[in-house]
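Structure first, commentary second.
The values are calculated or read from the model by the stated rules, or taken from the named source; none is laboratory data. Every value quoted in this text rests on a predicted model; they were computed, and no experiment measured them. Backbone-built Cβ (ideal geometry, glycine too); neighbour counts: all protein chains shown. Just the protein is used for accessible areas: all its heavy atoms, side chains included, with ligands, DNA and RNA removed. Shrake-Rupley method; radii C 1.70, N 1.55, O 1.52, S 1.80 Å.
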Amino acid sequence: MMDKANSLSKLSISLHWIIAILIIGLCAVGLYMTRAEAWALYPVHKSLGVLVLVAAILRVIWRIKNGWPAAVAEYSRLEQITAKIIKWVLITGTIALPLSGMLFSGASGHGFGIFGLVLVPAQHMPGNPAEVLAYSEFWAKAGASLHQASAYLLIAAILLHLAGACKHHFIDRDATLRRMLGK
Ligand code: HEM
């Protein structure tokens, strides 16, 4: 059940890949929908984003109980520090992104939910239901800025994380990636 240096638990592997696929998909959808004004994608983005938060919280609880898996080999001090920083940006990003998205969507009056289950209702302008009315302009702006900034930081961390995984696999030829694939 627990992670070991040469093998990771099924729970660690499942949570890693479920969150990774959802987050990469949500980044792509988020970047596309804002630029293409693809309004139909917003509820899908929000619903999956809230579900990622649930999975990310489970993952944090699992990390607290289980600790971080040990490195498969000895690495330079610089590599250890870089890996640690990226790990923390990734784990805090998976929590900060959905929270800031919820703050933005909730406070701006657009509301959000999970595939039809309303969590925060939209607020419409009295007499003009086509327009939304913010619950708080301040928190809507703060949420939007935080969501955008943390999205770009997370995308940078994901790219570095991918580069690290490739380095371990193709240059160091160690078991880091194989361990995460359950091999
Ligand atoms: C891990 C989960 C999430 C990821 C990775 C993610 C990622 C992104 C990205 C990359 C963008 C485009 C940012 C830009 O270029 O302006 C975006 C936009 C947006 N996201 Fe998310 N998001 C997540 C969760 C959520 C949640 C939970 C909500 C709301 C409940 C949400 C609501 C929005 C909205 C409304 C926008 C459009 C912002 C605008 O129009 O300026 N996101 N998201």
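Observations on the model:
- Single residue of the stretch 98-134 satisfying the filter (among the small types (Gly, Ala, Ser) and free of Cβ contacts under 8 Å to residues at least 12 places away in the same chain) that is nearest to the ligand (Cβ to nearest atom): GLY116
- The requirement of being more than 16 Å from the ligand (Cβ to nearest atom), crowded, with 17+ Cβ neighbours inside 10 Å and small (Gly, Ala, Ser) is satisfied by ALA175.
- Residues satisfying the stated conditions in the stretch 145-161, i.e. within 9 Å of the ligand (Cβ to nearest atom) and open to solvent by 90 Å² or more (accessible area, probe 1.4 Å): GLN148, TYR152
- Test: residue in the stretch 5-21 that is open to solvent by less than 70 Å² (accessible area, probe 1.4 Å), within 12 Å of the ligand (Cβ to nearest atom) and of a type outside the set (Val, Ile, Thr): yes
- Selection from the stretch 28-86 of residues that are charged (D, E, K, R) and either surrounded by 17 or more Cβ atoms within 10 Å (Cβ to Cβ) or in a helix (DSSP H, G or I) (or both): ARG35, LYS46, ARG59, ARG63, LYS65, ARG77, GLU79, LYS84
- Residue in the stretch 92-99 that is aliphatic (A, V, I, L, M), open to solvent by less than 60 Å² (accessible area, probe 1.4 Å) and farther than 22 Å from ALA20 by Cα present: no
- Qualifying positions in the stretch 70-85 - aliphatic (A, V, I, L, M) and out of contact with any Gly (no Cβ under 7 Å at 6 or more places or on another chain): ALA70, ALA71, VAL72, ALA73, LEU78, ILE81, ILE85
- Of all residues in the stretch 135-144, at least one satisfies being open to solvent by less than 40 Å² (accessible area, probe 1.4 Å) and more than 23 Å from LEU31 (Cα to Cα).
- Hits in the stretch 101-129 - residues which are among the hydrophobic types (A, V, I, L, M, F, W, C) and open to solvent by 90 Å² or more (accessible area, probe 1.4 Å): PHE115, LEU117, VAL118
- Within the stretch 140-154, residues that are under 14 Å from SER105 (Cβ atoms) sit with their Cβ atoms under 7 Å from residues that are within 8 Å of the ligand (Cβ to nearest atom) and of a type in the set (Phe, Trp, Tyr), at 6+ positions apart or across chains, in these pairs: ALA140/PHE104; GLY143/PHE104; ALA144/PHE104; HIS147/PHE104.
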